[in-house]
1. Between 184, 76, 208, which gets the highest mean-square fluctuation from a Gaussian network model of the chain, Cα cutoff 10 Å?
2. Would you tally the net charge around residue 75, using a Cβ to Cβ cut-off of less than 11 Å, leaving residue 75 out, and scoring K and R as +1, D and E as -1?
3. Could you line up 15, 220 from fewest to most neighbouring Cβ atoms inside 10 Å?
4. I need the chymotrypsin sites (Phe, Trp or Tyr not before Pro) found in the range 138-222, filtered to DSSP loop residues with at most 16 other beta carbons within 10 Å of theirs.
5. What spacing in nm lies between the two simple spin-label points modelled at residue 205 and residue 133, each 7 Å away from Cα in the Cβ direction?
6. What are the GluC sites (Glu not before Pro) within the range 79-123 that DSSP puts in a loop, where the Cβ has at most 13 other Cβ atoms within 10 Å?
7. Which one of 169, 77, 50 has the biggest mean-square fluctuation once the chain is modelled by GNM with Cα springs under 10 Å?
8. Sum up the charges of everything whose Cβ sits under 13 Å from the Cβ of residue 60, counting Lys and Arg as +1 and Asp and Glu as -1, but leave residue 60 out.
Amino acid sequence: MSKAVILLSGGLDSTTVLAIAKEQNYECYALSFDYGQKQRSELESSIAIAKKSNVIEHRIMKISLSDIGGSALTDKAINVPKYSESDEIPITYVPARNTIFLSFALAWAEVVDCQTIFIGVNALDYSGYPDCRPEFIKAFENMANLATKQSVEGYTIQIKTPLISMTKAEIIEKGINLGVDYSKTTSCYDANVLGEACGECDACILRKNGFKNANMQDPTRYQ
């Protein structure tokens, strides 16, 4: 079996990606981040999901993007906004987050002798983050194949994005077919201490609409 590092936030998308990687017979190494996010429910979900999925190993990397701030997800002085259809990049964007996360995943892939990294970015039903675009993923993959020991030795690093062109409803349908229990996932940007979703942020509305469009019951616990 081939190995793969899976970026696992504990949310709907990353949990689906983990299920897809397991379906493809990868030995999965799950990587989550304690990056200074204000709400912890998603991180707690990642622990339960990794355990249930029987990954080879689950690591939680502790970094502090809250020291940089500039995002409603990490800066206590910035409130999480309600859903908006504005074309502007929302304040919930965490500067360079996917670049940083992929860099850690790439480093771990070097250590465990792995040439594949899975990430649940999506370019359709998402909030307009620049680091979710195919162009970004391709650029990072090109960099990875210049910057690593494995690439010098003749191996090719792949960044796999199985959800990149799927709607949220299609993602949910795929996950259900793979046996994903979405009640265990957390997507909300502003969940309370009990893990109950706010129901009003971008992530909640996208999730709600996804289940509605898939004609499936939404198992999310809302406040």
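FYI, it's all coordinate maths here, none of it is from the lab. Only a predicted model underlies this, so the values are computations on that prediction, with no experimental measurement involved. Neighbour counts are summed over all protein chains in view; Cβ atoms, including those assigned to glycine, are modelled from backbone coordinates with ideal geometry.
1. 76
2. +1
3. By the 10 Å Cβ count, ascending: 220, 15.
4. Sites meeting the loop and neighbour criteria: 155.
5. Output for this residue pair reads 2.2 nm.
6. 85, 88
7. Checking each option, the largest mean-square fluctuation is seen for 77.
8. 0
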